[in-house]
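The values are calculated or read from the model by the stated rules, or taken from the named source; none is laboratory data. Values in this document were obtained by computation on a predicted structure and should not be read as measured data. Positions of Cβ are generated from backbone atoms using ideal geometry, with glycine treated the same way; all protein chains shown enter the neighbour counts.
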């Protein structure tokens, strides 16, 4: 009887789920420093809602959930909810200050439309071929 040759999977670099601009890193660190208690990071997710179908969610949490994607960048810690990963793949998170508003902005290649208020978006999950290209 001959032995069966098993090829172990070769680890490869995956594309970043989310990248942070300098402004986003600075703002997250400021908010974490102002927190009354230690925080495990800023958790980002998506939920159904709004006139375009989906909304981003952001909450400071004590610790990551078991399946959160953890992103640590220059002292800022962001946790991506597992169910949001395919919707956020390739997104850049920025923090903008204008005359009329300030806040986090998501430049998301998976966004297919948005409503006029800017709070609600339509997202399409990233396809498997994008993940395989790595």
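Each row is one residue, and each column tells you yes or no for (1) at pLDDT below 90; (2) in contact with a strand residue (DSSP E or B) (Cβ under 6 Å, 6 or more places away or on another chain); (3) buried (at least 16 other Cβ atoms within 10 Å of the Cβ); (4) assigned to a strand (DSSP E or B).
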position: 44; (1), (2), (3), (4): no, yes, yes, yes
position: 50; (1), (2), (3), (4): yes, no, yes, no
position: 58; (1), (2), (3), (4): no, yes, no, yes
position: 65; (1), (2), (3), (4): no, no, no, no
position: 71; (1), (2), (3), (4): no, yes, yes, yes
position: 78; (1), (2), (3), (4): no, yes, yes, yes
position: 84; (1), (2), (3), (4): no, yes, yes, no
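Within region 86-104, take every residue that is surrounded by fewer than 15 Cβ atoms within 10 Å (Cβ to Cβ) and at pLDDT 90 or above and give me the one that is farthest from residue 35 (Cα to Cα). In this case the residue turns out to be 99.
Here's a check for you: in region 98-107, which residue that is part of a strand (DSSP E or B) and without any contact (Cβ under 8 Å) to a residue 60 or more places away in the chain is nearest to the chain's Cα centre (by Cα)? My answer is 106.
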